[in-house]
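Have a look at the structure below before the remarks.
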Amino acid sequence: MSARILVVEDSRVMRQMVRTALEPDGYDLHEREDGRQALDAIPSVAPALVITDVNMPEMDGLSLVRAIRTLAPFRFVPVLVLTTESGDDMKRAGRAAGATGWIVKPFDPNQLREVVARVLRARAARR
Amino acid sequence: MIPDDLQQLFVEEATDLLRDFEEGVLELEQASDSVEALNRVFRAAHTLKGASGMLGFTDIARFTHFLETLLLRLRKRELTVSVGVVEYLLRASDLLRRLVDGAREGRAVPADDVADMEAAGRVYTRGATPPDAPGAAPAAEPALAEAGRETHYVVRFHPPDDLLLRGLDPLRLLDALESVGTLLEVEVDTSRLPALADMDPERTYFGFTCRLATARPVASIEACFDVVGGREALTIEPAAAGEPSGAGRGVPAHRGSLPSREPGAPIGGEAATFRVSAAKVDRLVNLVGEIAVTQSMVEQVVTAATPDRLIRLEGLITEMRRHCRELEERVMAVRMVPIQTVFGRFPRLIRDLAAALGKDVWLETSGDDTELDRSVIEQITDPLTHLVRNAVDHGIEPPDVRRQAGKGASGCVTLAAYQRSGSIYIEVADDGRGLDRDRILAKAWETGLIAAGASPADEDVFAVIFQPGFSTAAVVSEISGRGVGMDVVNRNIRRLGGAISVQSAPGRGTRFTVRLPLTLASLDGQALRVGPETYVLPLGSIVESLRPRRDNFQTVLGGAESLMLRGEVLPVLRLHRVFGVTPAVDDPLRSLAVIVEHDGRRLALLVDELLEQQQVVIKSLDANFHAVDGVGGATILGDGRVALILDVAGLIALGRMRQPPRPVPHGAAR
């Protein structure tokens, strides 16, 4: 059973890039366009990993991370933040919100694949 | 190399984002403290930066990065939304649009244009801290941080010819220069290029002259060439900004932007793809499913066919026909796009026009969600733009003139779209000065479009403006362009199977009404016969049909015929005369008069007989014929014969032309 990943990103281009990077590894990719949609989808999708942008309409990525951390069954789901924001302040805010990792766009597809694989392995080991 | 589909996705997304950006800016102009509008603008720029950086469109990424710096200052209230800022942001969005178009067509926008736009924006970003630099934008950083102290240099270099043999690549030198500042222009010096026969592919023959904008000292430019050695081949001179690099002998080179495909072959060509709502697709899928089910039921019935099952079969086939009809409608609906996609561009257009003309103009729109066939939308954009320009340019008066006329200083342009009885109507109205009947009439007399001295009704006078070659604009306005006038608008609309009409009242304004068919693909038609030929009339335009009688059919002086119907005199057109065919009966009293109507005007068409009604698929004749008056297209009938589809608006125009000019009405005509 391939790991299910929820990609939250308002840019179609960016969603496609993530898909292109991760699809060959056989993940089951689900996409949502903003934090609000993602939060609504999490109970039914039940992702093993969430990859989210920060700057989005409706609900931004950091609010999404905070919200996920309060959802009892999903509070331990790893969340990778994929963003153009590279400032230390933002990264600190991300960590404080409960993000698992921070990848700066433009991202290197191979780096993304590696990080995703690593995070999912770590999660499997913990279980 | 970016895959085509991704590049196309980028172009679509960027187009949406730029529309958001522009709408947000226009909102800001109205409500400068709107946090929501500012967020919208910011998010659009931000998302565009991310996507363009990811795909390697560095010029877009860098420029949006710069815009973000400016927008952040607005957000932090270090800068207020002024007229200048709005103007700048709008120009910036124009530039971005050009850059996106460039990306689509694999054509570079001159680096100077971007550099100039950035330079113009620095007054707003001076002293600002740039937002977090994305990986794509490092080269922009020194320029931003040291804004205002940049110098332009002309750098000439002719590398030693053994450069490649030493394992060095001259292109890396340009990369090095780019890390120091912004390369505004690179020109290749080909003066040392030998004849082909003498050329050694492992040697370097090219030199280059480039213009570099940088705030760094000359020494750091020189340092770029350290690896190469041979300083004697290098000159660095300061250049006045804006002055060309002066190397007259070279050929301009656009490094890194070699077109990856033939220009003129856009990948994201607008006709290539468009988005359809998921609901429409879902409905289609359902419907196809239902048809498949019905079809298999038909199969079952037929396999075990007994006479008593025929009734069941008939029922199933009726159901299938209903499904097919609905499927057809739904598939058509997939092509339908809200007219908002056209209306959406007018706020900006009107704003810019009004500003250029010193007028104050409001825009009101209604029916934005009225849907039109996608191909109609594409082809109606230019004519509508022309009408809107005209309204602002010629219709709406300057504020002082309006005040003198006792009107509000600001004029209003109204755009309305609605659907009524199988047609889409689009109105472009203004509350300006109205059409000048006397001037139009004088000009029409002069050009012979109206018989000299005749004074027809307003609607006939105004209709003249749609005739080729007619223009009353005494001064050729810069804004409305020259020569191309209402006749082109008229022709374009006619080509779509539509029609345009105008109403106007002096001092109160002008209203253009464009009528378009709901779809270009098919229509409900009434087949009719004239001699050996079959023609099709759009069912919606037929009022009634009757046999002319001796007491209501009359021939007036000059040979024109008319039909008197309940007190109304209708012009008569013998269809066989229009198309030069031999009718079965030449006696009007033994033929059939079909009364057709368009825009409140009626006409009696004489035909041999009416045949069946049927839905017909419209085939355009454009590819093979010039526009023929009275013919809207062709179709293939159920029995395989080809029939012409009649264009009622065109026939009515023909019918009226064949009437002798109306006498000047007397005051006591009734």
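The values are calculated or read from the model by the stated rules, or taken from the named source; none is laboratory data. Small disclaimer: the values here were computed from a predicted structure and weren't measured. Using ideal geometry, Cβ is built from the backbone for each residue, glycine included, and neighbour counts are taken over all protein chains shown. For the accessible areas, the whole protein counts, side chains as well, though only heavy atoms, and no ligand, DNA or RNA atoms are used. Shrake-Rupley method; radii C 1.70, N 1.55, O 1.52, S 1.80 Å.
Its Cα gyration tensor gives segment B:283-334 an equivalent ellipsoid. The semi-axes, each the square root of 5 times an eigenvalue, are 26, 10, 5 Å from largest down.
Estimated at 0.36 nm per residue, the fully extended path between residue B:368 and residue B:288 surpasses their Cα-Cα distance by 25.8 nm.
Counting only Cα atoms, the size of the protein assembly as shown along its three principal axes is 103, 78, 69 Å, in decreasing order.
Its DSSP H runs of at least 4 residues, each contributing -39,500 (n - 2.57), put the calculated 222 nm mean residue ellipticity of the protein assembly as shown at -12500 deg cm²/dmol, to the nearest 500.
Candidate cross-link partners of residue B:407 among the lysines, defined by an alpha-carbon separation under 16 Å and a same-chain spacing of 8 or more, comprise B:359. One chain, two ends: residue B:345 and residue B:488. Fully extended at 0.36 nm per residue, the span grows by 49.4 nm beyond their Cα-Cα distance. Rounded to the nearest 100, the interface formed by chains B and A buries 1800 square angstrom of accessible surface, both chains summed, with a 1.4 Å probe. When the listed pairs A:91/B:76; B:49/B:76; A:91/B:49; A:105/B:76; A:105/B:280 are checked against a 29 Å cut-off, the alpha-carbon distance exceeds it for A:105/B:280. Extension gain for the segment residue B:279 to residue B:108, taken as residue separation times 0.36 nm less the Cα-Cα distance, is 57.7 nm to one decimal. For segment B:522-657, the spread of Cα positions along the three principal axes, ordered from largest to smallest, is 41, 26, 25 Å.
Roughly how far apart, in whole Å, are the Cα centres of segment B:401-472 and segment B:66-85? When both Cα centres are located, 44 Å separates them.
Judged by the ratio a/c of the largest to the smallest principal axis of the C-alpha gyration tensor, segment A:4-126 counts as rounded, that ratio being less than 1.5. Note on A:86-95: average number of Cβ atoms from other chains within 10 Å of each residue's Cβ is 1.
Here's the list of aspartates and glutamates a cross-link from residue B:619 could span, going by alpha-carbon distance under 19 Å and ignoring same-chain residues fewer than 8 apart: B:328, B:329, B:373, B:378, B:524, B:533, B:629, B:639, B:647. Take segment A:4-126 with all the other protein chains still there, run a 1.4 Å probe, and you get 45 Å² of accessible area per residue. The fraction of all Cα pairs in segment B:535-578 landing in successive 10 Å bins from 0 to the largest distance is 22, 52, 25, 1, given as whole percents.
Rounded to the nearest percent, how much of the accessible area of chain A (1.4 Å probe, protein heavy atoms only) is carbon and sulfur? Taking all protein chains in place, chain A shows 48 percent carbon and sulfur surface.
Between the C-alpha center of segment B:567-617 and that of segment A:57-127 there is a gap of 74 Å.
Interface burial in segment B:8-22 reaches 20 Å² or more for B:9, B:13, comparing the full protein assembly with the chain by itself; accessible area from heavy atoms with a 1.4 Å probe. Per-residue surface analysis assigns residue B:555 an accessible area of about 90 Å², computed on protein heavy atoms at 1.4 Å probe radius. Leaving ligands, DNA and RNA out of it, report the carbon-plus-sulfur percent of the accessible area of segment B:522-657 at a 1.4 Å probe. Carbon and sulfur: 51 percent of the exposed surface of segment B:522-657. Classification of segment B:342-517 by its C-alpha gyration tensor yields an oblate form. The axis ratio a/c (a ≥ b ≥ c) is 1.5 or more, and b/c is at least a/b. With R₀ fixed at 25 Å, the C-beta to C-beta distance from residue B:550 to residue B:460 puts the FRET efficiency at about 0.25.
Express the accessible area of segment B:283-334 per residue in Å², computed with a 1.4 Å probe while the remaining protein chains stay in the model.
71
Partner shielding of B:39-52 amounts to 4, given as the average count of beta-carbon atoms from other chains within 10 Å of each residue beta-carbon.
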